[in-house]
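Below: one structure, written as structure tokens.
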Amino acid sequence: MKRLKKTGTAALAAALFFGYLSAILFQIPRLSVISPRYLEQTPLRPQQAAAFEAEARQKQKEGRIPVYYSHRGDSIDHVEHTWSSYDAAIRKGSGNIEQDLVLSKDGTLYVSHDENALRITGVNQEYRNMTDRQIQTLRTANGEQIHSLEDVFGRYGKTVHYIVEVRPVQEEVVKFIEIVKTCGMEENITVHSKMLP
């Protein structure tokens, strides 16, 4: 009985929050929302990637253009969420770049899959506990900084479509909507969230 009550409460909380998240996100006209299960794929191994690219080339010859979704950019051959990773994905024909977001102590959205900087930068700190100044001193293995979402929009503009994972955190959602509207990216964004069924 206790388990049932806990499960019921968690389900209700999830439903209420998703209702809140949807109400905010759908303030952005024509914004697409999809489930992360569609995007979260096991990274392709070299043989699989070669077969995939060969199939894509064949489809292009036949006039059937494949759609590529680049998970964290070209994260197989490059450090994820870096310019080199995004640039490589775009060079390979991807027009859809997946973004993960974290919020700094100062309220800036950065692109990072992990909430902690350790795996990518070697610094064992949560982004939410770091100021922008501290985050800007971090470096990835290829020497790049951790990029803000606004930096990404500024670099690529409307030349690509952004697949953005928005975490179920109110401050992150509000800041995300503000940046999308300020940068005029309403028609270049698809949102996915772990709160979706």
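The values are calculated or read from the model by the stated rules, or taken from the named source; none is laboratory data. Just so we're clear, the structure is a prediction, and the values are computed from it rather than from any experiment. Positions of Cβ are generated from backbone atoms using ideal geometry, with glycine treated the same way; all protein chains shown enter the neighbour counts. When the accessible area is computed, the model is the full protein with side chains, heavy atoms only, and any ligands, DNA or RNA have been set aside. Shrake-Rupley method; radii C 1.70, N 1.55, O 1.52, S 1.80 Å.
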| said: Pairs needed: first member in the range 118-134, free of Cβ contacts under 8 Å to residues at least 12 places away in the same chain; second member anywhere, open to solvent by 40 Å² or more (accessible area, probe 1.4 Å) and assigned to a helix (DSSP H, G or I); C-beta distance under 9 Å; at least 6 residues apart or different chains. | reply: Asn124/Leu118; Gln125/Leu118; Gln125/Gln134
| field | Matching helices (runs of 4 or more DSSP H) fully within the range 110-197 where at least 2 residues are charged (D, E, K, R) and exposed (fewer than 13 other Cβ atoms within 10 Å of the Cβ) | value | 170-183
